[in-house]
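A.B. asks: This is the structure, below, for whatever I ask next.
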Protein chains: 2
Amino acid sequence: MKRIKGGVTAPKGFYAAGMFSGIKRSHKKDLAIIFSPAVCTAAGTFTANKVKAAPVLVDQQQVKSGRAQAIVANAGNANCCTGAKGLQNAWAMIKATAKGLHISPKHVLVCSTGVIGVQLPIAKVKPGIAELCRQLVKGEHSAKGGTDAADAIMTTDVVRKEIAVELNLKGRIVRVGAMAKGAGMISPRMHATMLAFITTDAKISAQLLRRTLSDAVEDTFNSTVIDNDMSTNDTVLVLANGMSKVKIGPKSGEYHKFAAALKYVCDQLAQMMVADGEGATKVVVVEVAGAKNTTDAKKIAKAIVSSDLFKCMVFGGDPNFGRMLAAIGYSGAFVKPERIAIDIEGVPLVRKGIGIFSRQAPRMMRRKQIRFKINLGVGRAKAKAYGCDMTFDYVRINSKYRT
Amino acid sequence: MKRIKGGVTAPKGFYAAGMFSGIKRSHKKDLAIIFSPAVCTAAGTFTANKVKAAPVLVDQQQVKSGRAQAIVANAGNANCCTGAKGLQNAWAMIKATAKGLHISPKHVLVCSTGVIGVQLPIAKVKPGIAELCRQLVKGEHSAKGGTDAADAIMTTDVVRKEIAVELNLKGRIVRVGAMAKGAGMISPRMHATMLAFITTDAKISAQLLRRTLSDAVEDTFNSTVIDNDMSTNDTVLVLANGMSKVKIGPKSGEYHKFAAALKYVCDQLAQMMVADGEGATKVVVVEVAGAKNTTDAKKIAKAIVSSDLFKCMVFGGDPNFGRMLAAIGYSGAFVKPERIAIDIEGVPLVRKGIGIFSRQAPRMMRRKQIRFKINLGVGRAKAKAYGCDMTFDYVRINSKYRT
């Protein structure tokens, strides 16, 4: 596997475009379409929030068939808590896209992100969709259409999130590309944690694609915490159009390579997300080992990266292990406090549950990416989680911005 | 029931004293003793954190007998993650107190709050205990000993927390007094949420006292959220010395009045705590009604007051109901999104799950105490929770202060 340039349009037969349609007050791009002329197998994971945005409710139905070939997405408006009118608008986006691309509405997925509780300005969105479709059908869209699309789904994101990788499977090239957005309302209590759209020219059944996506999401996006809030809109979608003509069968050597590539793409996007966390200045990786089982290891890793006190401490640069021990204690996992060991970047912080003071630890806290290793000493299971610090800017952004 | 001046020394036969013993760098008071010459019935609730401070482990044993007559508490050091030495020091505090007061070590409870992972400077604490005991035994302690004691358990608290009430039960006076500390590391995931010491001159069995305390704590301290972190040290203790000679039997009219008084005292202390939350500028009361059951109602009330995004929005003064709907959705409670109604100070914000914009709502957000009412429309159960806003000062305090 090697990393290549680009994003969702890196795999063969995928096209994308993005534009400003009139939603964002900033006049930045706010509407994107990803399109494969060939019908794809498709899978998705969605927020576990019981209050789901209209496009999430619609996509959950749409993706059941395991077939899709276009994703239409807007930023600036979440189309959530918008009642029957909101559902109508989500369907209107699908229908406009299907019409413009001359495909079945059954093969279109829709996503929204932005302000909750305000009706989508559909009169502006529909002409935008028509224009993007026209460009895509006539081949008049920009060469950097994937990048335009990635820009168009950003909200409080500062950095565009794109990635693509290439696999050589028995002499043939398979590519996986992706784009994502997410900088706030990201937490471990959801199945999908932000908007992420993944494309691949591999040939894979919808069923296998679904399982591969679930596994990849669980260890990556679902192990990522910016704050403890769970969005109403979060969605991860993957489309596989088979254009590489490389078939990925279950349990094959190709499958393992493909699954690893999908996970790598999700992992890299997850790391981009925490690095771009609202107001974040530092990225934290918490690796837990020696747990009784994987569930426990995850609980602890997530409890630590979710702790406001821990996050403030990372911002302040003080290696206050007490806050980590407190989070380990309330995580719900089985622990023997007297066996806990914690290291920061290889420097011992805690041994046998007792703090060790070192002059090196505060220096390690000044790094831009800080790795904590925790050994519980009660088993062999492990897990990791990504997080970021809590800063004045997090409070500033969220006391002013309407999400 | 009427509110009276004072705190733990308001009930008959309770004495208290506080001083600087040498723990706090600020040279503020850091050591307190509460003492009843008569042996009391006693009950306690403790943090659910699996990483428990030494004094919590000791008190859990000590309180089992249902008898006690002194509480010794220090601030500035949590005596947590301190291993065998920490347990020795907790016992040393008990023994020094018992010796100084000429009582059995079995009747002494101990509490600590402050920095985690540093050994208690017991060589400074022991002479302090001896001095406080000398004052208490000789009656040389200050007339405002209760207030001195309340000051001595403060850490990041800005405001001292004391309260006392008086009951007239069949013509005889019964008093309940209390003091508390708590401004951070306060969350719904613990059984006891900070240090609170309650005294009463009622005569009540240890068994009944235990049950009454549990009920009171559940609806008050355990419904209070400042941040989502659960302390390793939190403890609520109650001592009843029977000096009023009013016996409180189960299921009696007196019992209901006494239980109501205990709950009132806890409720007021809980409200003082959120008002003094680290960096807080506003207090929030979230009342949930129409839930399927009480557990669900509590889940939702706590999910909202725990949400960082909600707390930032309260700070910013923007009535962004979408964040409340999102928290309701991920709370885990049974909801029908299309039935949810939300009011802020009597002004409708959400009806049938859809946002209602009003010019009055932003004005209500400027109040110092803001009451949100949520009706889920799926049952008859209700609950409430107290919270506060998240501010720049919360981040400042916790990125600098070692708890």
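The values are calculated or read from the model by the stated rules, or taken from the named source; none is laboratory data. Please read these numbers as outputs of a predicted model, since none were measured by experiment. All Cβ positions, glycine included, derive from the backbone under ideal geometry; neighbour counts span all protein chains shown.
A.B. asks: What are the residues in region A:370-383 that are surrounded by fewer than 20 Cβ atoms within 10 Å (Cβ to Cβ) and among the β-branched types (Val, Ile, Thr), if any?
C.D. replies: Correct list: A:Val378 only.
Matching residues to (1) part of a loop (DSSP other than H, G, I, E, B); (2) of a type in the set (A, V, I, L, M, F, W, C); (3) farther than 17 Å from B:Ile34 by Cβ:
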| position | (1), (2), (3) |
| --- | --- |
| B:Val51 | yes, yes, yes |
| B:Leu57 | no, yes, yes |
| B:Gln69 | no, no, no |
| B:Cys81 | yes, yes, yes |
| B:Trp91 | no, yes, yes |
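A.B. asks: Here is a further query. Only one residue in B:Arg359, B:Arg367 is under 28 Å from the mean Cα position of the chain (by Cα), away from chain A (no Cβ under 14 Å) and surrounded by fewer than 18 Cβ atoms within 10 Å (Cβ to Cβ). Which one? Before the answer, list the steps.
C.D. replies: Details: B:Arg359 fails: under 28 Å from the mean Cα position of the chain (by Cα).
It is B:Arg367.
A.B. asks: What's the total number of residues in region A:245-268 that are more than 24 Å from A:Val39 (Cα to Cα) and buried (at least 24 other Cβ atoms within 10 Å of the Cβ)?
C.D. replies: Residues that pass the stated criteria total 0.
A.B. asks: Are any of the residues in region A:183-199 crowded, with 24+ Cβ neighbours inside 10 Å, more than 26 Å from A:Ala385 (Cβ to Cβ) and modelled with pLDDT of 95 or more?
C.D. replies: yes
A.B. asks: In region A:1-27, what residues are assigned to a strand (DSSP E or B) and either touching a Lys or Arg at 6+ places or on another chain (Cβ under 9 Å) or under 19 Å from A:Asn233 (Cβ atoms) (or both)?
C.D. replies: A:Ile4, A:Gly18, A:Met19, listed by residue number.
A.B. asks: Now a separate question. Being among the β-branched types (Val, Ile, Thr) and farther than 15 Å from B:Gly6 by Cα is the filter here, so list the residues in region B:145-170 that pass it.
C.D. replies: Within region B:145-170, B:Ile153, B:Thr155, B:Thr156, B:Val158 qualify.
A.B. asks: Next question. Could you check A:Cys111 against (1) modelled with pLDDT of 95 or more; (2) surrounded by fewer than 24 Cβ atoms within 10 Å (Cβ to Cβ); (3) more than 14 Å from chain B (Cβ to nearest Cβ) and say which number it fails?
C.D. replies: With (1) modelled with pLDDT of 95 or more; (2) surrounded by fewer than 24 Cβ atoms within 10 Å (Cβ to Cβ); (3) more than 14 Å from chain B (Cβ to nearest Cβ) applied to A:Cys111, the lone miss is (2).
A.B. asks: Tell me, please, whether a residue that is surrounded by fewer than 16 Cβ atoms within 10 Å (Cβ to Cβ), of a type in the set (D, E, K, R) and not in a helix (DSSP H, G or I) can be found in region A:28-40.
C.D. replies: Step one: list which residues in region A:28-40 are surrounded by fewer than 16 Cβ atoms within 10 Å (Cβ to Cβ), which gives A:28, A:38.
Filter once more, so that each one left must be of a type in the set (D, E, K, R): A:28.
After this cut, where a residue has to be not in a helix (DSSP H, G or I) as well, the list is A:28.
Within region A:28-40, one or more residues are surrounded by fewer than 16 Cβ atoms within 10 Å (Cβ to Cβ), of a type in the set (D, E, K, R) and not in a helix (DSSP H, G or I).
A.B. asks: Can you tell me which residue in region B:224-266 is farthest from B:Glu278 (Cα to Cα), limited to those that are outside any helix (DSSP H, G or I), of a type in the set (A, V, I, L, M) and modelled with pLDDT of 95 or more?
C.D. replies: Pass one, region B:224-266, residues outside any helix (DSSP H, G or I): B:224-252.
Applying the additional criterion that residues be of a type in the set (A, V, I, L, M) yields B:225-226, B:230, B:236-240, B:243, B:246, B:248.
Pick out the ones that are also modelled with pLDDT of 95 or more and you get B:237-240, B:243, B:246, B:248.
On the way: B:Leu237: 23, B:Val238: 26, B:Leu239: 29, B:Ala240: 32, B:Met243: 38, B:Val246: 40, B:Ile248: 38 Å.
Checked region B:224-266; the qualifying residue farthest from B:Glu278 (Cα to Cα) is B:Val246.
A.B. asks: Quick check on this structure: which one of B:Val286, B:Val305, B:Val314 is surrounded by 24 or more Cβ atoms within 10 Å (Cβ to Cβ), more than 15 Å from B:Ala196 (Cα to Cα) and more than 14 Å from chain A (Cβ to nearest Cβ)? Before you say what the answer is, go through the steps one by one.
C.D. replies: Values: B:Val305 fails: more than 14 Å from chain A (Cβ to nearest Cβ); B:Val314 fails: more than 14 Å from chain A (Cβ to nearest Cβ).
None of the others qualify; the one that does is B:Val286.
A.B. asks: Which residues, taken from region A:384-403, are more than 30 Å from A:Ser26 (Cβ to Cβ) and either buried (at least 23 other Cβ atoms within 10 Å of the Cβ) or assigned by TED's automatic domain parsing to the domain that holds A:Phe221 (or both)?
C.D. replies: The initial filter retains those residues of region A:384-403 that are more than 30 Å from A:Ser26 (Cβ to Cβ), namely A:384-385.
Matches in region A:384-403: A:Ala385 only.
A.B. asks: Identify, please: which residue in region B:64-102 is within 14 Å of chain A (Cβ to nearest Cβ) and among the aliphatic types (A, V, I, L, M) and is, among those, surrounded by the fewest Cβ atoms within 10 Å (Cβ to Cβ)? If you could, list the steps in order and put the result at the bottom.
C.D. replies: The initial filter retains those residues of region B:64-102 that are within 14 Å of chain A (Cβ to nearest Cβ), namely B:76-89.
From what is left, the residues that are among the aliphatic types (A, V, I, L, M) are B:78, B:84, B:87.
Values: B:Ala78: 30, B:Ala84: 10, B:Leu87: 16.
Checked region B:64-102; the qualifying residue surrounded by the fewest Cβ atoms within 10 Å (Cβ to Cβ) is B:Ala84.
A.B. asks: Determine whether A:Gln271 is polar (S, T, N, Q), more than 13 Å from chain B (Cβ to nearest Cβ), surrounded by fewer than 22 Cβ atoms within 10 Å (Cβ to Cβ) and within 29 Å of A:Ser399 (Cα to Cα).
C.D. replies: Values: polar (S, T, N, Q): yes; more than 13 Å from chain B (Cβ to nearest Cβ): yes; surrounded by fewer than 22 Cβ atoms within 10 Å (Cβ to Cβ): yes; within 29 Å of A:Ser399 (Cα to Cα): yes.
In short, yes.
A.B. asks: Any idea which residue in region A:322-337 is modelled with the lowest pLDDT, counting only those that are at the interface with chain B (Cβ under 7 Å from one of its Cβ atoms) and farther than 21 Å from A:Val284 by Cα?
C.D. replies: Filtering first and then ranking leaves A:Pro337.
A.B. asks: Also, I was wondering about something else. Among the listed residues A:Val335, A:Val305, A:Val285, A:Val314, which satisfies the condition of being of a type in the set (Val, Ile, Thr), part of a loop (DSSP other than H, G, I, E, B) and within 17 Å of A:Ile374 (Cα to Cα)? Give the steps one after another, and end with the answer.
C.D. replies: On the way: A:Val305 fails: part of a loop (DSSP other than H, G, I, E, B); A:Val285 fails: part of a loop (DSSP other than H, G, I, E, B); A:Val314 fails: part of a loop (DSSP other than H, G, I, E, B).
Criteria check complete, one pass: A:Val335.
A.B. asks: Then there is this: In region A:291-302, what count of residues is obtained for those that are more than 14 Å from chain B (Cβ to nearest Cβ), surrounded by fewer than 24 Cβ atoms within 10 Å (Cβ to Cβ) and under 17 Å from B:Val51 (Cα atoms)?
C.D. replies: Step one: filter region A:291-302 for residues more than 14 Å from chain B (Cβ to nearest Cβ), giving A:293-295, A:297-298, A:301.
Next, from what is left, pick out any that are surrounded by fewer than 24 Cβ atoms within 10 Å (Cβ to Cβ): A:293-295.
Right, trim to under 17 Å from B:Val51 (Cα atoms) and you get none.
Qualifying residue count for the region: 0.
Matching residues to (1) of a type outside the set (Lys, Arg); (2) in contact (Cβ under 8 Å) with a residue 24 or more places away in the chain; (3) under 21 Å from A:Ile354 (Cβ atoms):
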| position | (1), (2), (3) |
| --- | --- |
| B:Asn89 | yes, yes, yes |
| B:Met93 | yes, yes, yes |
| B:Lys99 | no, yes, no |
| B:His107 | yes, yes, no |
| B:Ile122 | yes, yes, yes |
| B:Leu136 | yes, yes, no |
| B:Glu140 | yes, no, no |
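A.B. asks: Also, quick follow-up: Given the options A:Val39, A:Val8, name the one that is assigned by TED's automatic domain parsing to the domain that holds A:Arg134 and either of a type in the set (Asp, Glu) or under 19 Å from the mean Cα position of the chain (by Cα) (or both).
C.D. replies: Values: A:Val39 fails: either of a type in the set (Asp, Glu) or under 19 Å from the mean Cα position of the chain (by Cα) (or both).
On inspection, the qualifying residue turns out to be A:Val8.
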